[in-house]
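Before any comments, here is the structure.
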Amino acid sequence: MDKIIRFARSFPTLADAPLEPWDPFKFDAWAASRGGTTGFRRAASLQHASACVLAVWSTRQDVVEALQSAFTEYRQPYVLEAMHELAIARRRWRVGAFHVITALAVWDDEHRAAFLAWAREPWWC
């Protein structure tokens with residue numbers, strides 16, 4: 001759990017988030033209430049950062065590996081099944097699903113840097 005907490009803390013708007021001990025449902029509730037943040041851009045940055053952290057945490061490594069394998073071997077039914085599994089994992093959070101294009105448009109350089117550091121060498125819980 002330390003890895004997901006360190007990842008979350010790399011986003012400036014999540015520096016004071018209730019992350020320890022790691023409870024994704026408590027974190028989601030906090031994020032959905034905007035964590036007491038004021039200002040549209042800051043609140044939107046917090047929402048996208050939280051959704052990103054929860055997407056990384058809730059995406060199963062085996063589903064990612066199955067998707068990568070299916071793409072490599074051109075097995076379309078398996079690609080569709082794995083993509084469906086990923087979509088289900090992302091829909092359950094109150095803060096909403098993570099949308100990378102919107103997040104990158106809203107985030108400042110520090111938030112983008114936190115995401116890009118993960119994206120260079122992605123991992124899932």
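Observations on the model:
- Segments 118-125, 47-54, 106-113 sorted - mean Cβ within 10 Å per residue, highest first: 47-54, 106-113, 118-125
- By other beta-carbon atoms within 10 Å, ranking Thr59, Thr102 with the fewest at the front produces Thr102, Thr59.
Read-outs: derived from the displayed coordinates by stated rules, not from any lab. Given the structure is predicted, the values throughout are model-derived calculations rather than measurements. No Cβ is skipped: glycine too gets one built from the backbone with ideal geometry, and neighbour counts run over all protein chains shown.
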